[in-house]
Amino acid sequence: MNNVLWNTWNILMLNRSRYFFIALILLMYIWLSAGRFHQKMNKAVGMIAMMMLLVFCNPILYDIAEKLDEAYEYNRIFWMIPITVIFSAAVTGILLQYKSLLTGILVAGYVFFAVWHPDSGLRMIRAENAYKVNQESVTIADIIMEDDRKEKLVVVPEELSLDIRSYEPAVRLLCGTRNAYQYYPEYKEDIDRIYYEMNINDKPDIKFVGEWVRMYDFVYVVWEKDKVASGEMEKYLYDIIGDTDHYVVYAVRHEELGE
Amino acid sequence: MYNLYKLLLFIVCFCMAVIMTGSCFYAGKREILLSVLKGLTVVISVIYLTSVILVNRNMSTAFLGAAESMIVLGMVLAALIYAYRKKSLQAFFRACFQRIKETRVIEAAALAAVLLATGYLMFFYHQGYYQDTYAMSIAADAYQSNQLYAANPYTGAPEDTMPWKLRLSPYILVIAGIARVLSIHPLILFHIGMVALVIPCVYLAWYAVASEFTEDVKERCLFLIILLIFNGIFVDYDLNANKGLLLAAWQGKIIVANAGLPLILFFTIRVYEKKEAKYWFYILCTIVASTFFSVTGIVLCPLLLMSLMAYYGLSCWMHKWKRKQKE
């Protein structure tokens, strides 16, 4: 019981929960309002409130999920709360009850202020291609696929790993999203180090990355342009096979691969 | 341009299947939308039941795609013949044309707003949400290797055990199969094709729910337009799937939260308010259809149903209690 309360509190308080609380206030408002539309919607609101009570804040469910090691999955069901529907029902009722332009402006202004978040809009990105993935990932995948080396084993910075396999699954990566998934889990320490050098370290240890990549049969390394000085990777037997606006694609020399 | 024709083919075939199947359930002039929603749940349920069998028998991606395409086309044909013989097809389309003639300005505005939002998201914008990688890589792998699951989606390292969630909710694999049949990249099918189908379906479902509460078309349409605006403002994903609708409409969880929930709400209202027991069948179909998209559907939809039943049970008990008090 304590667990679920603590968990719910965490979810609601720490994860931008103000939407949830605003929704609760609006639910109460719809419940108590004398507006015609709100009175009609009362039933739907009652159903949603019951759903919240029985599904979203249910200690028994949380206990079951915890026993199945799926407590994280339980948190995900908070996504199902139809917050925008509650907001819309409330605003529609208000607009229908107080039919004036001023009400409309006030309501719209309040709601926009209430739901606006500094991150809003950031994740909405103009599509650069029909696949709707980062164009640089597409270009880099194309460069690698057009190259004549057989194995397409690649080390890339984190931001590219998100899109590159979705576009070209023949490309295989040393580590996936947030380094949580690794191609060789048995070399975890070394892969963590490479992840650090590629993504976090401003002055990466090029020698370590270059030698490790060759030693474990990976063939391609994609570096951010400003992280590697010209000619530096070439010292460790790599060739440049292409570049984009922000990245350079290196490949182990043919002689080293024995091809 | 060639891809666009294939996309159109995918969208038109699915819509045809839904409309034709829906026309079999047509029961009167005021039930056009209801028929379409019934058709939608039945079509997806059939796709789910057949695809689960095929996926668990480890068929190839191309076979899965071809089988599902044939099933959908078969359903169109069967529904066409059945509805034509029952004369419901003619009545359905006559009612549709009549309804289009009677369309009011606000209805046209709401429809235009939904279609504009859909078109805008289909062709101009995408979202940068990292969890997309998992589903998209599985689909791309299945599409390219012709094996349903052969590699870890994040790294590409060989793997032969398909996750149980994928076996239970094969939506990603079915789309990959259809992509293989159409020979179009699955990313295009997800990011454009599914957006074109999901967003109108969601608003159709909420419109149906609103129509259960208010007879006034103006009120329903206003509610729909405001809902569209709110979904547009909430462009953040965390905590609430409603917010992700306009950003990641192709994701299974989003589809369950945005389309499964209103459909269950709608059919439950029908069961309890209109005392029509046959809607239990469509509730079951909605649960099955939700499970197709995301494994959470198999748990959440029955839970939602139970809570709605509890609500009705409670209100019935309170009604009786009040009557007793009066006596």
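Read-outs throughout are calculated quantities, based only on the coordinates presented, and are distinct from any laboratory measurement. Fair warning: this is a prediction, and the values are worked out from it, not measured in the lab. Backbone-built Cβ (ideal geometry, glycine too); neighbour counts: all protein chains shown.
Data overview
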read-out: Inter-label distance, nm, simple model (7 Å from Cα along the C-beta direction), residue B:280/residue B:13; value: 3.6
read-out: Charge dipole magnitude, Cβ of K and R +1, D and E -1 - chain B, Cα centre, debye nearest 20; value: 1380
read-out: Among the listed pairs B:278/B:322; A:132/A:152; A:43/B:320; A:99/B:101; B:218/B:278; A:43/B:322, those beyond 25 Å (Cα-Cα); value: B:278/B:322; A:99/B:101; B:218/B:278
read-out: Sites residue A:229 and residue B:115, calculated FRET efficiency, Cβ-Cβ separation with R0 56 Å, nearest 0.05; value: 0.60
read-out: Most positive-pole-ward Cα, B:106, B:25, B:158, against dipole of chain B from beta carbon charges; value: B:25
read-out: Residue B:124-residue B:105 pseudo-label distance in nm [points 7 Å out on the Cα-to-Cβ vector]; value: 2.5
read-out: Shape category assigned to region B:3-155 from the gyration tensor of Cα positions, a/c cut at 1.5; value: oblate
read-out: Cβ charges +1 (Lys, Arg) and -1 (Asp, Glu), total dipole of region B:251-327, debye; value: 400
read-out: Cβ-placed point charges (K, R +1; D, E -1), dipole of the protein assembly as shown about Cα centre in debye, nearest 20; value: 4480
read-out: Cα shape, region B:275-327, gyration tensor, a/c 1.5 rule; value: oblate
read-out: Residue order, fewest to most beta carbons within 10 Å, for B:169, B:290, B:45; value: B:45, B:169, B:290
read-out: Neighbour-count ranking [beta-carbon atoms within 10 angstrom, fewest first] of A:103, B:161; value: B:161, A:103
read-out: The protein assembly as shown shape via C-alpha gyration tensor axes, a/c threshold 1.5; value: prolate
read-out: Residue order, fewest to most beta carbons within 10 Å, for A:240, A:140; value: A:240, A:140
read-out: Cβ-derived FRET efficiency at R0 41 Å, residue B:60 paired with residue A:193, nearest 0.05; value: 0.55
read-out: Within region A:150-171: backbone nitrogen closer than 14 Å to the residue A:241 label point (7 Å, Cα to C-beta); value: A:150-156, A:170-171
read-out: Extension gain (nm, one decimal) between residue B:3 and residue B:53, 0.36 nm per residue minus Cα-Cα; value: 15.0 nm
read-out: Relative contact order, percent, chain B [alpha-carbon distance under 8 Å, six or more residues apart]; value: 19
read-out: Furthest towards positive pole of dipole, A:175, A:157, A:127, structure part region A:125-175, Cβ charges; value: A:175
read-out: Proximal lysines to residue A:207, defined as alpha-carbon separation beneath 20 angstrom and excluding residues fewer than eight positions away on the same chain; value: A:188, A:225, A:227, A:235
read-out: Helix-derived mean residue ellipticity, 222 nm - over chain B, DSSP H n ≥ 4, -39500 (n - 2.57), to 500; value: -24500 deg cm²/dmol
read-out: Region B:255-318: relative contact order in percent, alpha carbon pairs under 8 Å with at least 6 residues between; value: 36
read-out: Segment residue B:322-residue B:161, length gained on full extension (0.36 nm per residue, minus Cα span); value: 52.2 nm
read-out: Most positive-pole-ward Cα, B:314, B:250, B:217, against dipole of region B:174-327 from beta carbon charges; value: B:314
